[in-house]
Every structure is written in C-alpha cells, then in structure tokens.
1. Taking the range A:35-45, which residues are more than 10 Å from chain B (Cβ to nearest Cβ) and more than 18 Å from the chain's Cα centre (by Cα)?
2. Restricting attention to the range B:212-237, which residues are modelled with pLDDT under 90 and either not acidic (Asp, Glu) or not assigned by the TED database to the domain that holds B:Met166 (or both)?
3. Restricting to the range B:195-211, count the residues that are surrounded by 16 or more Cβ atoms within 10 Å (Cβ to Cβ) and either within 16 Å of the ligand (Cβ to nearest atom) or within 14 Å of chain A (Cβ to nearest Cβ) (or both).
4. When you go through B:Ile48, B:Ile85, B:Ile81 one by one, which is the residue that is surrounded by 15 or more Cβ atoms within 10 Å (Cβ to Cβ), aliphatic (A, V, I, L, M) and at pLDDT 85 or above?
5. Got at least one residue in the range A:4-21 being in contact with a helix residue (DSSP H, G or I) (Cβ under 8 Å, 6 or more places away or on another chain), at pLDDT 90 or above, facing chain B (nearest Cβ under 10 Å) and in a helix (DSSP H, G or I)?
6. Scan the range B:126-176 for residues that are within 21 Å of the chain's Cα centre (by Cα) and aliphatic (A, V, I, L, M) and jot them down.
7. Can you say whether A:Ile42 is among the β-branched types (Val, Ile, Thr), at pLDDT below 90, part of a helix (DSSP H, G or I) and surrounded by 11 or more Cβ atoms within 10 Å (Cβ to Cβ), as far as the supplied structure shows?
8. Checking B:Thr171 against (1) touching a residue at least 60 places away in the same chain (Cβ under 8 Å); (2) within 16 Å of the ligand (Cβ to nearest atom); (3) surrounded by fewer than 16 Cβ atoms within 10 Å (Cβ to Cβ), which test does it fail?
Amino acid sequence: MSAIAPITGTLKKRIFTDITIGFALGGAMASYWWWGFHNGVINKREDYYAKLAQLKNSEE
Amino acid sequence: MLNLLNMINIIYNDVPTPYSCYFQDSATPNQEGILELHDNIMFYLFIILGLVSWMLFNIVRTYTKNPMAYKYIKHGQTIEILWTILPAVILLIIAFPSFILLYLCDEVISPAMTIKAIGYQWYWKYEYSDFINDNGETIEFESYVIPDDLLEEGQLRLLDTDTSIMVPVDTHIRFVVTAADVIHDFCIPSLGIKVDANPGRLNQVSALIQREGVFYGQCSELCGINHCAMPIKVEAVSLPKFLEWLNDQ
Ligand SMILES: [Cu+2]
C-alpha cells in the first residue's frame, strides 16, 4: 500500500459541473443574442414593412 | 466637437455610420437571408464561446490547487470521439443553411430589367440595356464621386456621386457586373450585393428592392490609388417616378 492514496476521479467529479456551467453560460449569452437582440431587429423590420404595405393599400 | 455631433447625427439614408456595428438596414430578401444566417451562426458561436471561456477560466483557476486532474489520462477514446463528432455536427448545422442561402442568392429568376455595371479606374459606368433613347442608343452614363471640395451640405463624403443608379421598387432587377481595366467589386450592403467585377467576364446578381430609399455602396476590391473614390449610389423610387426619369434620359 502506498503512503498516499492515489488521487483519482478528479476529472469526472469536475467535468459534469464544468460542462453544465459552460453550456449554461454560453446558452445565456446565445439566448440573449437571439431573443433579446435578433428578434427585436426582425420585429422592427416586419413592423416597418407591414406599415408600408398598409400605406400602399390605402393609396390605391 | 463638430465631429462628435456628427456621430449622433441621424442619417435617413442607408449608409455606413461612424462606429456602427452590425448591418445596415436590409432592403431585399437576399439581405434579409444573409442577416438571418449571420444571427443563426452567432447563436452557436455564443454557446461555444461560453463553454470554451468557462473551461479555460476553470483550468487556469484550479491549476495550482489541483495539479492532479489530468495525471491519469493517457488516452481517452470516448472524449476523442466526442470532440471530433460534436464540432462536425455544429459545422453541418451551419453549413446547410449557408449553402441553401448561397444557391438561393445565385438564382436570377426572370428579371424585369437589366442594368450593366462596369468598373473603371476609378468610376462606375452603368448601362440600361433594356431601354433606348430617341437616337436608338442605349441609356448609359458614368458615375463619379463628388470631390471633397465640391461637397454640398448634407452630401456624404466619398459616398455621394454625380449620377446614381435609378431603379424602381418591387421589381426584379438584374445587375450584370464587369470591369474594363482591373478587378473591381460591385457592393451594396443594404441590397445584399457583393459581386466581383472582372475584366472579360460577366457576373450577375439580382435584387428585389422592397422599399424606396437611397442605398450606398463602395468598390470592394482593391483596384488602385482611388479605390476609395468610386462609390455606388442607388436610388430606389416608385415605378411612375422611375418612368419619368427614364423619359428624361
Ligand atoms: Cu474599384
């Protein structure tokens, strides 16, 4: 028997929490990008074109 | 101070603005597609950025406290497979929409009119080959940048030109692009157009402009000393106004 017990399992212990936190972090940034930023840009554009179509219809 | 004021100045044209990020407002379905693809890819990139930064941060943080974490790893079959397949899947997810968009933009379906854009050192020449004037000649004109000392109030430096491309909105327009001396590049960000102008070769792109406006672009292939001074100006107007303009030519 060795004087010090072999140190094992340090990777497995950490890897799951690390990957979960990593993806959560990335997921949060990506979600903000898509739902917080991208969708706003698209909605603004769609609103503009809807208004434009309405204007064109009323002129005819 | 004046420069600072210019930064917050609202410009109602579709132009590059000082210190702006992201895209200019889109005016064609093509550009909308490009924007969508870009935002899609950015979504995946943010996830990867989060994961990689967190792992890196953690490895650096625990390095001195936990030197044993990787001591017993000599080879890891599972992890090798995982870190090969996962990136490949991510690349596929990005590649498919990218190719669909690429081929969709390449398609030029039954254009209602064709405009030929020819790049010269250092100006553009436009030909409206579909129309002829009273003398039986096609409509063609050159478009030069407005020099700095002749700029009038409200005109944009190195973007405004003496003549501009007039196009009707809601019309399928085909641009046939070529050059007469060296390679130029015909580029209008708002319309999602960027196509090389090669001497002795014709390239085509289509545009369906959905709103009236003035759209600016610049030569996007380094073509010599005045590369910066051959901008592209497109004025999209309603069909009656376009016909009126056509009559004046
Ligand atoms: Cu050029």
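1. A:Asn43
2. Step one: list which residues in the range B:212-237 are modelled with pLDDT under 90, which gives B:212-213.
Hit for the range B:212-237 is B:Gly213, nothing else.
3. The total comes to 9.
4. Details: B:Ile85 fails: surrounded by 15 or more Cβ atoms within 10 Å (Cβ to Cβ); B:Ile81 fails: surrounded by 15 or more Cβ atoms within 10 Å (Cβ to Cβ).
Testing whether each residue is surrounded by 15 or more Cβ atoms within 10 Å (Cβ to Cβ), aliphatic (A, V, I, L, M) and at pLDDT 85 or above leaves just B:Ile48.
5. Yes, there is a match, as at least one residue in the range A:4-21 is in contact with a helix residue (DSSP H, G or I) (Cβ under 8 Å, 6 or more places away or on another chain), at pLDDT 90 or above, facing chain B (nearest Cβ under 10 Å) and in a helix (DSSP H, G or I).
6. Matches in the range B:126-176: B:Val145, B:Leu156, B:Leu158, B:Leu159, B:Ile165, B:Met166, B:Val167, B:Val169, B:Ile173, B:Val176.
7. no
8. If we test B:Thr171 against (1) touching a residue at least 60 places away in the same chain (Cβ under 8 Å); (2) within 16 Å of the ligand (Cβ to nearest atom); (3) surrounded by fewer than 16 Cβ atoms within 10 Å (Cβ to Cβ), just (2) comes out false.
The values are calculated or read from the model by the stated rules, or taken from the named source; none is laboratory data. Bear in mind the structure is a predicted one, so any value in this text is a computation, not a measurement. Methodologically, a virtual Cβ is constructed for each residue, glycine included, from the backbone with ideal geometry; neighbour enumeration extends over all protein chains shown.
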